[in-house]
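Enquirer: Following this message is one structure expressed as structure tokens.
The values are calculated or read from the model by the stated rules, or taken from the named source; none is laboratory data. The model shown is predicted, which means the values in this text are computed figures rather than measured ones. Cβ placement follows ideal geometry from the backbone for every residue including glycine, while neighbour counts extend to all protein chains displayed. Each accessible area value is taken on the protein alone, full model and side chains, heavy atoms only, with ligands, DNA and RNA left out. Shrake-Rupley method; radii C 1.70, N 1.55, O 1.52, S 1.80 Å.
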Amino acid sequence: MRGHDWINSCFPDELIVEIFSRLHSKSTRDACSLVCRRWFRLERRTRTTLRIGATHLFLHRLPSRFSNIRNLYIDERLSIPLHLGKRRPNDEEGDLDSLCLSDAGLSALGEGFPKLHKLGLIWCSNVSSDGLTSLARKCTSLKALDLQGCYVGDQGLAAVGQCCKQLEDLNLRFCEGLTDTGLVELALGVGKSLKSLGVAACAKITDISMEAVGSHCRSLETLSLDSECIHNKGLLAVAQGCPTLKVLKLQCINVTDDALQAVGANCLSLELLALYSFQRFTDKGLRGIGNGCKKLKNLTLIDCYFISDKGLEAIANGCKELTHLEVNGCHNIGTLGLEYIGRSCQYLTELALLYCHRIGDVSLLEVGKGCKFLQVLHLVDCSSIGDDAMCSIANGCRNLKKLHIRRCYKIGNKGLIAVGKHCKSLTDLSIRFCDRVGDGALTAIAEGCSLHYLNVSGCHQIGDAGVIAIARGCPQLCYLDVSVLQNLGDMAMAELGEHCTLLKEIVLSHCRQITDVGLTHLVKSCTLLESCQMVYCSGITSAGVATVVSSCPNMKKVLVEKWKVSQRTKRRAGSVIACLCVDL
């Protein structure tokens, strides 16, 4: 019979739920839920993860609508729906607080979702120890808890330690109400199960807590510390008591080489080490890591001013399995240090050099020769790196997939032409504010690579010819940033509209030669566009803005001067433009 609903007539709820559970794309599941009320109800039953803003007004409805939730993330930073957040003129300031998650709301969540495995309470400032205690007693299967920005106290954390014996992951960033008492109690309670701990900006947590972690959390694998109150004593206790540690991130200005040497001597399974803003670390500490942590794969050094080439030499000689290296603002590391890495770390797949003015071409010549598996390269403000280095990378690292360069003024067409010739797997290219890169470089890239992402912001020598070549050679392009290109005009927009029909995001800001005519050609076929930024484009008028909005049904974000948005455009696409246009 024409129009008969055979699926709903023949399929029981259990079968439809099973079908929905096999749909892994959120957009697909959302689309299915809109077919009819039955599918809407059943699709909710298959959801195991939910992310919401912190408002208690509908919390009591969640358990009945989403009965199988195991992972719940509540973030008070997320915007509250307008119809919930509006206040009447006579409302008092306290009324907005009533929209935030409270202890009562947290207790209700515990009753409604007793089988929760993961809970995130991000910046839920009204939650206290009372609410956390109530929740801990009801959600005893909790495995992961994120309390970032919550002003909970020791009593609540102690309750978690007493009740949630399966807890594996705990984040305590910006929990200013905690002291050593709470964290010690937690370590005593869940020490056997805890595998990951993050502590940052908790001024009352000291070495005493770290000693408790070292004594009781023998299975700890991940530790992230950002504190001025933790010294060598605390980290030494962790190093000696947590031999299975695999990930260590430190931003503790009072920790010295002695602690890092202890890590190298005891944590032989360490795979990731990140050191941020260390004024007191030297090559001695990195030698300890190189001598002991033979499994190290990922090393990040940010603003470590006293680490030099000798430190990197120790890592290169000892950590042959290194795959990721980031050196950021370490001014004593130069060309020689990176040469050691290039010669010894053949499995390197990702390299990031930021603000490394002493690292020159020779270092990347060695990387090009020795690191054949390199896939990702970031270069930011490396004033001594030029075309010879890029040619070496292109010749030797032919698996390169992602190349991001910013303000490296010695890199020009020659280096990028070599990349286009040899790096056929390149899909993500960003060349920002590189004055020597012009149309010839983009032409070579278009001939050799199938880009999905391209950013050439601020490369003043690039004009229509280069972007036209990209349009014709890279039809898979999804993202394009051509902002601050003074020589780019409507011809390039027409070619993009004709060939790059998969384009979803485009940034045209400060392109003064692009006009409404170019925009019309662009959006004629690029109907998948979701984001368009065109601030300070003097050739674009309100008519051009209206054309973009009316031609792109998937548009989610338009950034443009407020005076260019007509009343008709506001009525037509208020949700897209109203909150995103700027008064300039």
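Enquirer: Do we have any residue at all in region 504-515 that's farther than 18 Å from S483 by Cα, modelled with pLDDT of 95 or more and either open to solvent by less than 70 Å² (accessible area, probe 1.4 Å) or among the charged types (D, E, K, R) (or both)?
Expert: Restricting attention to region 504-515, the residues satisfying the condition of being farther than 18 Å from S483 by Cα are none.
No, region 504-515 has no match at all.
Enquirer: Given the condition more than 19 Å from C356 (Cβ to Cβ), open to solvent by 20 Å² or more (accessible area, probe 1.4 Å) and either touching a Lys or Arg at 6+ places or on another chain (Cβ under 8 Å) or at pLDDT below 95 (or both), answer yes or no: does some residue in region 295-312 qualify?
Expert: No, region 295-312 contains no residue that is more than 19 Å from C356 (Cβ to Cβ), open to solvent by 20 Å² or more (accessible area, probe 1.4 Å) and either touching a Lys or Arg at 6+ places or on another chain (Cβ under 8 Å) or at pLDDT below 95 (or both).
Enquirer: Also: Just to verify a result, which residue in region 313-349, among those that are in contact with a Gly (Cβ under 6 Å, 6 or more places away or on another chain) and under 16 Å from K369 (Cβ atoms), is least open to solvent (accessible area, probe 1.4 Å)?
Expert: G342
Enquirer: Among the residues of region 388-440, which ones are of a type in the set (A, V, I, L, M), touching a Leu at 6+ places or on another chain (Cβ under 9 Å) and assigned to a helix (DSSP H, G or I)? So that I can check it myself, show each step before the final result.
Expert: Pass one, region 388-440, residues of a type in the set (A, V, I, L, M): 389-390, 393-394, 400, 403, 405, 411, 416-419, 426, 429, 431, 437.
Next cut, touching a Leu at 6+ places or on another chain (Cβ under 9 Å) only: 389-390, 393-394, 400, 403, 405, 411, 416, 419, 426, 429, 431, 437.
Residues satisfying the conditions are A389, M390, I393, A394, L416, V419.
Enquirer: Related question: In region 37-60, how many residues are open to solvent by less than 40 Å² (accessible area, probe 1.4 Å) and of a type outside the set (A, V, I, L, M)?
Expert: 4
Enquirer: Does I506 satisfy the condition of being touching a Phe, Trp or Tyr at 6+ places or on another chain (Cβ under 9 Å) and touching a residue at least 24 places away in the same chain (Cβ under 8 Å)?
Expert: yes
Enquirer: Ok, one more. State all residues of region 140-157 that are open to solvent by less than 10 Å² (accessible area, probe 1.4 Å), closer than 18 Å to S196 by Cβ and either acidic (D, E) or not in a loop (DSSP other than H, G, I, E, B) (or both); if no residue qualifies, say none.
Expert: Scanning region 140-157 gives L145, L157.
Enquirer: Please indicate, with yes or no, whether at least one residue in region 115-122 is open to solvent by 70 Å² or more (accessible area, probe 1.4 Å) and not in a helix (DSSP H, G or I). Full working, then the answer.
Expert: Start the filter on region 115-122 by keeping residues that are open to solvent by 70 Å² or more (accessible area, probe 1.4 Å), which leaves 115, 118.
Now restrict to residues that are not in a helix (DSSP H, G or I): 115, 118.
Yes, region 115-122 contains a residue that is open to solvent by 70 Å² or more (accessible area, probe 1.4 Å) and not in a helix (DSSP H, G or I).
Enquirer: Scan region 273-294 residue by residue and report those that are open to solvent by 40 Å² or more (accessible area, probe 1.4 Å) and either closer than 21 Å to C371 by Cβ or in a helix (DSSP H, G or I) (or both).
Expert: Matches in region 273-294: K284, R287, N291, K294.
Enquirer: In addition: Does at least one position in region 378-394 carry a residue that is of a type outside the set (D, E) and more than 18 Å from L416 (Cα to Cα)?
Expert: Within region 378-394, none of the residues are of a type outside the set (D, E) and more than 18 Å from L416 (Cα to Cα).
Enquirer: Looking at region 372-425, which of its residues are closer than 19 Å to A446 by Cβ and open to solvent by less than 10 Å² (accessible area, probe 1.4 Å)?
Expert: Result: M390, A394, L400, L403, I405, I411, G412, G415, L416, V419, G420, C423.
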